[in-house]
Every structure is written in C-alpha cells, then in structure tokens.
1. For region B:164-189, name all the residues that are of a type outside the set (V, I, T) and within 14 Å of A:V46 (Cβ to Cβ).
2. For region B:105-124, how many residues meet the condition of being basic (K, R), buried (at least 19 other Cβ atoms within 10 Å of the Cβ) and assigned to a loop (DSSP other than H, G, I, E, B)?
3. Just for region A:16-74: of the residues that are facing chain B (nearest Cβ under 7 Å), more than 24 Å from B:R243 (Cα to Cα) and not in a helix (DSSP H, G or I), which one is modelled with the lowest pLDDT?
4. Six or more apart or on different chains, Cβ under 6 Å: which pairs go from a residue in region B:111-130 that's facing another protein chain (nearest Cβ under 8 Å) to one that's β-branched (V, I, T) and surrounded by 19 or more Cβ atoms within 10 Å (Cβ to Cβ)? Could you list them?
5. Which residue, of B:I74, B:I131, is touching an Asp or Glu at 6+ places or on another chain (Cβ under 9 Å) and of a type in the set (V, I, T)?
6. Quick one: A:P54 ticks every box in (1) within 28 Å of B:N171 (Cα to Cα); (2) touching a Leu at 6+ places or on another chain (Cβ under 8 Å); (3) not hydrophobic (A, V, I, L, M, F, W, C) bar one, so which box is it?
7. Would you point out the residue of region B:60-77, among those that are at the interface with chain A (Cβ under 7 Å from one of its Cβ atoms) and more than 18 Å from B:S210 (Cα to Cα), that is farthest from the chain's Cα centre (by Cα)?
8. Scan region B:148-159 and give yes if some residue there is within 13 Å of chain A (Cβ to nearest Cβ), surrounded by fewer than 21 Cβ atoms within 10 Å (Cβ to Cβ) and either in a helix (DSSP H, G or I) or basic (K, R) (or both), otherwise no.
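The values are calculated or read from the model by the stated rules, or taken from the named source; none is laboratory data. Worth saying up front: this structure is predicted, and the values here are computed from it rather than measured. Note that we place each Cβ from the backbone using ideal geometry, even for glycine, and neighbour counts take in every protein chain shown.
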Amino acid sequence: MRHDTYIYIIIMAAVTYLVRMLPLVVFRKPMTSRFFKSFLYYVPYVSLSVMTFPEILRCTGSPLLGVLALVLSMVLSLVGMSLPLTAGISCTAVFLANLL
Amino acid sequence: MAFFAGNQYSSQQMKECNRLSYLKGLKDAMPIMLGYFAVSFTLGINASQNGFSWFQAGLMSFLNHTSAGQAAAIRMIADNDSYLNVAISQIVINLRYLLMSTALALKLRQDTGIGERLAMSYIVSDEIFGISIMQRPPLNAWYNIGAMTAASPGWVLGTILGAVLGNVLPNDVTMALSVALYAMFIAVIFPPVRQDRILAVVIAASMASSWLFDITPGLKEISFGFKVIVLTVAISALFAWIRPLPREMEVSDAA
C-alpha cells in the first residue's frame, strides 16, 4: 500500500509541534536528569552521521565522488568555512570532477 | 506613566512593548533567514530527487522547520515507510527541542498568555532558540514571533526553490547539488569536535554502525528510517552513559 504524502507531513508536523509546545504550555519545570540531557546532546551528532554515511557515497552514483565530497566538506568545515560555502564548494568540486 | 498594581503595565504600554519586541526579533532573525534559505534549498533539491512536488516540499518546510527531521522524513516517505516510524523518527530527532522549549519557558514573562505560548511553539529551532535565549530576561513571546516571521519565509522559499530547480536543472547539475545536504550536515557535526574530542568517536562510531547496518545480511533489510531511529537511540544512550555531560554544560551549547 502506498501511503499518502500529505498524511505523513501532517503526522510529522503534529509530533514536532507537540515536542516544542508541551514544555511552553503544559509542564514548565526545569529538566534535571543528567543522563537525559547528555542523551539529547549526542542525538544531533549521531542522527546526522547515520543519515550522512554511507548515503553520501550513493547520492552521486559514484562512490569516488562521494568520498571527494565527504573529505572536502570535512576539511573545509574544520578550517572554519561557513555552512553554505562548504556546501557550495563541495558541489562545485563534485560537478567538475564528474566532467573529467 | 502610571503603574497599576505592582509592576502591571497599562494595556497600551503592553502593546508598545510587544510591538518593540516583535520588531527586534524580526531584525535579529534576518541573518537566520539567509542561512535558512541556503540550508532549505538543499533540502528542496533532496525532496525533488525523492519524488516530491514543490508544493509538498514547501508544505513540509512550512509545517516543520527542522533540517535533520525533514531530511530523514523525505527519505522515509520515498521508501513508503510506516506512519508510526515517521512519527517516532521525528520525536527522536527533534526531542532536543523539548529541552530548548523548557529553557524558554523558564525565561518567559510569567504573565505570557496561552495564545502567545502556542504561537511561539510554531518554531523552536537551534537558531531561534539561540537568539532568544540570549535576550535579557524576562523574554517577551513577541520577540520569538518576530524572529519566526523573518526566518520562516527563508526556510519555506529556499525549499520551494530547491524543489523547483531540482526538477528542471540538467541531471549532472542536480547530481552535484545532491551532495550539498550531506556537506552541510558534515559542516554542522565536525567543527564542534575541536571543543569536545569525544564527538570524533561518536561520529566515527555512528558512521561505522550505519555502514555495517547497510552491508550485514539481515540488518540490511531494515528500512533507512528505522535504522536512523535505532542507531540514534542506542548510540546516544551509550555515550550519555559512558560519558555524561559535565554538570554545568547544557544542550544549548551543542549543535
């Protein structure tokens, strides 16, 4: 069965809104669990890493171009380049390398 | 101007205060609008490559305003994953907003009405949280409402532009543009490694596990979305257990 894209969008909007709204409207107490805070600290790093690798190797159709994008964006961001610039240069490099 | 009971302001003063807070939020969020435009453009490209129309991609951005959450959902929807898995993935990936909203609730004017609280809940993102938590307390909800008025169009229009261009540009261009989303994710997670070395281990462990899930017989039948859910919960919990944050550190310091 093919699910409906709009139902997906409404479901994700509803749960995301609840996550943001509940602490502001319903329970207004500070969070004290150190484990929970630490867990939430790591979540972005883990989820973005899992989503990025190995997907980046597949999205261009050529693993080598994926490795190029991976290494280049790592180096550029670590030397302090901004987000859009890192992405822009990585895309340009992939485009040019693909022409070769 | 006259004060009524205690520090109650007149409704006219109140309105003026709300108006000024709104305008300040609007102005402070201008750079966020530009940043959002760039990031959501890559989401739009990604959405178009996964079969979304510009309207669907734009609607998703209008109703969510979350880069990691939307990126996961786009892929899961393309995979025809279950509604339940999509809901769980959004809770797991976006759960940190709970902590941000809690911090905002504590900083907010005590007399903030429920309507204003519901309105500012529309967007609690890393960036809007970042500027609003820096305001001198107590926080006026209208500051956040002003900030989202500026930031949201950047997010929505960037997505739509990305989705439209993703559908009309030649294949070799969209192919190159499709790495932009991942390059941005890398640019989000790598620089903080310089301040907190354990993050290098977290990132390496996450990428290695993700790859193992993709090549191991049995595990590779698991959907992308479920893999993201399972690994995010397991690895974040593992590191929270073996290396909890120092007591003075907050999630707000993180990505």
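1. Listed by number, the list holds a single entry, B:F185.
2. Of the residues in region B:105-124, 0 are basic (K, R), buried (at least 19 other Cβ atoms within 10 Å of the Cβ) and assigned to a loop (DSSP other than H, G, I, E, B).
3. Here the answer is A:R28.
4. Short answer, once both residue conditions are applied: B:M120/B:I145.
5. Going through B:I74, B:I131 in turn, just one is touching an Asp or Glu at 6+ places or on another chain (Cβ under 9 Å) and of a type in the set (V, I, T): B:I131.
6. (2)
7. B:I77
8. Scanning region B:148-159, I find no residue that is within 13 Å of chain A (Cβ to nearest Cβ), surrounded by fewer than 21 Cβ atoms within 10 Å (Cβ to Cβ) and either in a helix (DSSP H, G or I) or basic (K, R) (or both), so the answer is no.
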